Amino acid sequence: MKVLKGKSIFKGIAIGRIAVYKKQDLAVKREHIDDVQAEFARFEEARQKAIDDLQKLIDKASAEVGEAGAAVLEVHQMMLDDEDYIDSVRNIIDSELVNAEYAVATTGDNFSEMFASMDDDYMKARALDVKDISERLIKVLKGYEDNGIAGEDPVIIVADDLGPSETVQLDRDKVLSFVTRHGSSNSHTAILARTMNIPALIEIDYEDSMDGVMGIVDGQSGEFIVEPDEETEAKYRKLLQDEIENREMLKELKDKATVTKSGRKLNLYANIGGIKDLASVLQNDAEGIGLFRSEFLYLADNDYPSEEEQFQAYKTVAQNMAGKKVIIRTMDIGADKQIDYFGLDHEENPALGYRAIRICLDRPEIFKTQLRAIFRAAMYGNIAIMYPMITSLSEIKRIKAIVEEVKQELKDQGVPFREDVEQGIMIETPAAAVISDLLAPEVDFFSIGTNDLTQYTLAIDRQNAKLDEFYDAHHEAVLRLIKLVVDNSHKAGIWTGICGELGADTSLTETFVKMGVDELSVSPSFILPIRKIVRNMD
Amino acid sequence: MESFKYVIKDELGLHARPAGLLVKEAQKMDSKITLKKGGAEADLKKIFAIMKLCVKQGDEVEITVDGGAEQENCEFIKKFFEEHF
């Protein structure tokens, strides 16, 4: 038995096999070969397997996100079948007497170079597709599996750190817990763990040899126990049992209203990052969706999601929520969420840079596609829109002008859409909080994003683990700004919600209700605990 | 030999997804099908070759269908262009 000490970022207990997530090394060595035919055969076998693997992904994607999501994978299949591509690989093997990996990598470089040099942004971005298929082939040639998790049973994922593009590929039913060496309490993995309601640890100095053995994650003490002895395992099994029973008890609070004893009502909504979170939203009896992060649509693919794809996703969520409010936040790309095909320049200070609404106003064609999809999907349920990273009144005016254009275009084209969609803004910059009295008359609601509001107010980088000790989530400056925003919204007759991590901080629930906050939007697992607190308030 | 000319209306040009579908359909056909843009040409059964032409909105392309069920295949491809590009 070995006990590693780290830092807990989400409580709970997990017991299961450890799966060490290995970043796959795709570096290729040039090696001399003698048997050209054997190398041809290796390439051919790898190509067939890559095509078969893609077919499995296509079947899975069509079931989860619909035909449109699978289309890009089908294009990849065809690329793998392309004569010119195959001829190039075979030529290199034959003429240079080199290994298939090297021939594939060289062909991939040449082809993607060709696209990258084209005088057209769309075609430039296709270089990524070529890279993708070549990497897929190299992985097969090197004998890598599709990701770090094989087998059927759920596991404890152990990794250096996981980025959004890696976690999006994980099958959530197979993850018991996240344990990482790096990361901070606000990193992507941490937020994901909270959303999934599973324990997570950071700063654990694991070894690769731990792959496959039993492990226990203690999200209370921050301990990671590897190969526990019988006594320890029994103790934790008992604790896990208690935890499950506690959860059952909370279920009794389902279908109860979120009101204080004196009758003050709070709207208790859920934050979601995609369609796959809907199940836990419904299980935990959320009264609506207060933050639908639309980024997942942009992260899941190698290209801008089409209007149709977005429309289908928003429509699905709206229909599933059956008339309950669904607040879609327009895409918040940039800062810690980078996507290759956006072609964003490297920035010294991305949190203060080109992100979210700034990209949308600068590249209105991307923004308009999303707005069209949302206004159309609003026909199918109670959808509202929320714009992130607002700092000024003029931004709201510019957004409104674009919204009017979008509506006019839809009207001209005879496309059905809903006219009176509620539109609100996120208050996540100190600037917006301070001038919230000027912004309130222009919008239908405010939603306070406390993560960014706190980082901008305290000048503390969320991604930097070293700063965690200086990061006071309950800083008086932040609480005063929240109070100011709530008061200003009420003066203008609109409502204010909180959708950041602070909304789920149960030690502040009473404070927020007393301040007059109208809505809290939290990870689904926090819905019932917060309802319990509110119902016990006077 | 059958042929037709077409001016691309889609703002993304001959983009990957529908182009992929088109190539897939072309591969099922028994004719030799060629896409021409300016002086360059490509075999409609090869996706990379098609994408290499970098066909954009406003470009005029010419498609020729040679051998096999020429008329029927040409009709089908023409319709596909009108619907997707």
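The values are calculated or read from the model by the stated rules, or taken from the named source; none is laboratory data. Everything numeric in this text was worked out from a predicted model, so none of it was measured. In this analysis, Cβ positions are derived from the backbone assuming ideal geometry, glycine residues included, and neighbour counts consider all displayed protein chains. For the accessible areas, the whole protein counts, side chains as well, though only heavy atoms, and no ligand, DNA or RNA atoms are used. Shrake-Rupley method; radii C 1.70, N 1.55, O 1.52, S 1.80 Å.
Would you work out if the stretch A:277-389 is rounded, prolate or oblate? Take a ≥ b ≥ c from the square roots of the eigenvalues of the alpha-carbon gyration tensor; rounded if a/c is under 1.5, else prolate when a/b is larger than b/c, oblate otherwise.
prolate
Could you give me the ³J(HN,Hα) list for the stretch A:250-258, computed from phi with Karplus coefficients 6.51, -1.76, 1.60 and θ = phi - 60°, whole Hz, x at Gly and Pro?
Coupling constants for the stretch A:250-258: 4, 4, 4, 7, 5, 6, 9, 6, 8 Hz.
Treat each spin label as a single point 7 Å out from the Cα along the C-beta direction, and report the A:R264 to B:E62 distance in nm.
Between A:R264 and B:E62, the label points sit 7.8 nm apart.
Kirkwood Rh, Cα Rg: Rg to Rh for the stretch A:265-536?
On the way: Rg = 17.8 Å, Rh = 18.9 Å.
Checking Rg against Rh, the ratio lands at 0.94.
So for each of A:187-198, A:119-130 I average, over its residues, the number of other beta carbons within 10 Å; can you give me the resulting order with the highest mean first?
Values: A:187-198: 22.2, A:119-130: 18.5.
Highest-to-lowest ranking by the protection proxy: A:187-198, A:119-130.
Taking every residue in A:122-135, how many Cβ atoms of other protein chains lie within 10 Å of its Cβ, on average?
On the way: counts 8, 11, 1, 1, 5, 0, 0, 3, 2, 0, 0, 0, 0, 0.
Across A:122-135, the average partner-chain Cβ count within 10 Å equals 2.
Can you list the residues of the stretch B:8-23 that have at least 30 square angstrom less accessible area with all protein chains present than in their chain by itself, probe 1.4 Å?
By number: B:L12, B:A16, B:R17.
Could you please put A:K251, B:K56 in sequence from largest to smallest accessible area, using a 1.4 Å probe? Don't skip to the answer; put the middle values down first.
Details: A:K251 100, B:K56 65 Å².
In descending accessible area the options line up as A:K251, B:K56.
State the dimensionless ratio Rg/Rh of the stretch A:273-340 (Rg: radius of gyration of Cα atoms; Rh: Kirkwood radius).
Result: Rg/Rh = 0.98.
Given the protein chains as shown and a 1.4 Å probe, how many square angstrom of B:K52 are accessible, to the nearest 10?
100 Å²
Taking 0.36 nm per intervening residue step and subtracting the Cα-Cα distance, what contour gain separates A:D538 from A:H474 on full extension? It would help to have the intermediate numbers written out before the result.
On the way: separation 64, 0.36 × 64 = 23.04 nm, distance 2.30 nm.
Extra length available between A:D538 and A:H474 comes to 20.7 nm.
Stretch A:K491-A:N197 to full length: gain in nm at 0.36 nm per residue minus the Cα-Cα span? Please report the intermediate quantities before stating the final value.
Working: separation 294, 0.36 × 294 = 105.84 nm, distance 3.69 nm.
Extra length available between A:K491 and A:N197 comes to 102.1 nm.
For the stretch A:475-538 and the stretch A:271-319, what is the centre-to-centre distance using only Cα atoms, to the nearest Å?
24 Å
So, with +1 on the Cβ of K and R and -1 on the Cβ of D and E, and no other charges, what is the size of the charge dipole of the protein assembly as shown about its Cα centre, to the nearest 20 debye? Don't jump to the answer; show the numbers that get you there.
Numbers: 77 positive and 114 negative charges, 520 e Å.
Computed charge dipole of the protein assembly as shown: roughly 2500 debye.
What percent antiparallel are the DSSP beta bridges of the stretch A:265-536, to the nearest 5?
Values: 1 of 31 bridges.
Given both bridge residues lie in the stretch A:265-536, the antiparallel proportion sits at roughly 5 percent.
Leaving out ligands and nucleic acids, note down the accessible area per residue over the protein assembly as shown with a 1.4 angstrom probe, in whole Å². Don't jump to the answer; show the numbers that get you there.
Numbers: 27590 Å² over 623 residues.
Normalised by residue count, the accessible surface of the protein assembly as shown is 44 Å².
What is the mean number of Cβ atoms from other protein chains located within 10 Å of the Cβ atom of each residue in peptide B:53-59, rounded to a whole number?
Details: counts 2, 9, 2, 5, 1, 0, 0.
Shielding by partners across B:53-59 averages 3.
Under unit Cβ charges (Lys, Arg +1; Asp, Glu -1), what dipole magnitude, rounded to 20 debye, does the stretch A:265-536 have relative to its Cα centre? Write out the running numbers ahead of the final one.
Details: 29 positive and 41 negative charges, 185 e Å.
Here the stretch A:265-536 has a charge dipole of around 880 debye.
First measure r as the distance between the Cβ atoms of A:V213 and A:K11, then evaluate 1/(1 + (r/R0)^6) with R0 = 22 Å and state the FRET efficiency to the nearest 0.05. Don't skip to the end; give the middle numbers.
Working: r = 24 Å, r/R0 = 1.07.
About 0.40, to the nearest 0.05.
Classify the stretch A:36-142 as rounded, prolate or oblate from the Cα gyration tensor: take a ≥ b ≥ c as the square roots of its eigenvalues, call it rounded if a/c is under 1.5, otherwise prolate when a/b beats b/c and oblate if not. Present the calculation step by step, with values, prior to reporting the outcome.
On the way: a/c = 2.73, a/b = 1.30, b/c = 2.10.
Here the stretch A:36-142 falls in the oblate category.
Given the peptides A:338-347, A:367-376, arrange them by the average over their residues of other C-beta atoms within 10 Å, most packed first. Could you put the intermediate results ahead of the total?
Working: A:338-347: 13.6, A:367-376: 22.5.
Top to bottom by mean Cβ count within 10 Å: A:367-376, A:338-347.
Which ³J(HN,Hα) values, rounded to whole Hz and listed in residue order, are derived for the stretch A:356-363 from phi using the Karplus coefficients 6.51, -1.76 and 1.60 in 6.51 cos²θ - 1.76 cosθ + 1.60 with θ = phi - 60°, glycine and proline given as x?
So the J values, rounded to whole Hz, are 6, 4, 5, 5, 4, 6, 7, 10.
Using a 10 Å cut-off around each Cβ of peptide A:72-78, what is the average number of partner chain Cβ atoms that fall inside? The partial results should precede the final answer.
Details: counts 3, 0, 5, 11, 2, 2, 10.
Mean shielding count: 5.
When the Cα centres of the stretch A:331-377 and the stretch B:7-83 are compared, how far apart do they sit, in Å?
A separation of 33 Å, based on Cα centres.
State, to one decimal in nm, how far the label point of A:K411 lies from the label point of A:E365, with both points 7 Å from Cα in the Cβ direction.
Once both label points are built, they end up 2.5 nm from each other.
Can you say what percent of the DSSP beta bridges in chain A, counting only those with both residues inside, are antiparallel? Round to 5. All intermediate terms of the calculation are to be shown ahead of the outcome.
Working: 19 of 60 bridges.
Roughly 30 percent of the DSSP beta bridges within chain A come out antiparallel.
Hey, if we sort A:M331, B:M1 by accessible area with the 1.4 Å probe, largest down, what's the order? Kindly include the intermediate steps, with their values, before the conclusion.
Details: A:M331 0, B:M1 140 Å².
The ranking, largest first, comes out as B:M1, A:M331.
Relative to the longest principal axis of the C-alpha atoms of chain A, give the angle of the C-alpha long axis of helix A:527-536, reported between 0 and 90° and rounded to the nearest 10°.
Once rounded, the angle reads 10 degrees.
What percent does the relative contact order of chain A come to when contacts are Cα pairs within less than 8 Å and at least six residues apart?
Details: 942 pairs, mean separation 84.9, N = 538.
About 16 percent, as a whole number.
Once you order the gyration tensor axes a ≥ b ≥ c over the Cα atoms, which shape class does chain A get: rounded for a/c under 1.5, otherwise prolate or oblate by comparing a/b with b/c? The partial results should precede the final answer.
Details: a/c = 2.03, a/b = 1.31, b/c = 1.55.
Oblate is the answer for chain A, as a/c is 1.5 or above yet b/c matches or exceeds a/b.
Return the long-range amide H neighbours of A:I9 (sequence gap of 5 or more, or a different chain), with a cut-off of under 5 Å between placed amide H atoms.
Amide H to amide H, under 5 Å and 5 or more residues apart or across chains, A:I9 pairs with A:A200, A:L201, A:I202.
Please express the shape of the stretch B:2-84 as an equivalent ellipsoid: the semi-axes are the square roots of 5 times the eigenvalues of the C-alpha gyration tensor, given largest first in whole angstrom. It would help to have the intermediate numbers written out before the result.
Numbers: eigenvalues 66, 32, 31 Å².
Calculated on Cα positions only, the semi-axes equal 18, 13, 12 Å.
Mind ranking A:48-54, A:314-320, A:27-33 by how tightly packed they are, going by the mean number of other C-beta atoms within 10 angstrom, highest first? Please report the intermediate quantities before stating the final value.
Numbers: A:48-54: 16.6, A:314-320: 19.9, A:27-33: 12.3.
For the peptides A:48-54, A:314-320, A:27-33, the packing ranking is A:314-320, A:48-54, A:27-33.
Farthest toward the dipole's positive end in chain A, which of A:F43, A:Q463, A:V98, given Cβ charges of +1 (Lys, Arg) and -1 (Asp, Glu) about the Cα centre?
Of the options given, the answer is A:Q463.
Report the net charge of residues surrounding B:E60, where surrounding means a beta-carbon distance below 12 angstrom and charges are Lys +1, Arg +1, Asp -1, Glu -1. Could you put the intermediate results ahead of the total?
Details: positive: B:K5, B:K9, B:K36, B:K37, B:K56; negative: B:D59, B:E62.
Neighbour charge sum, excluding B:E60 itself: +3.
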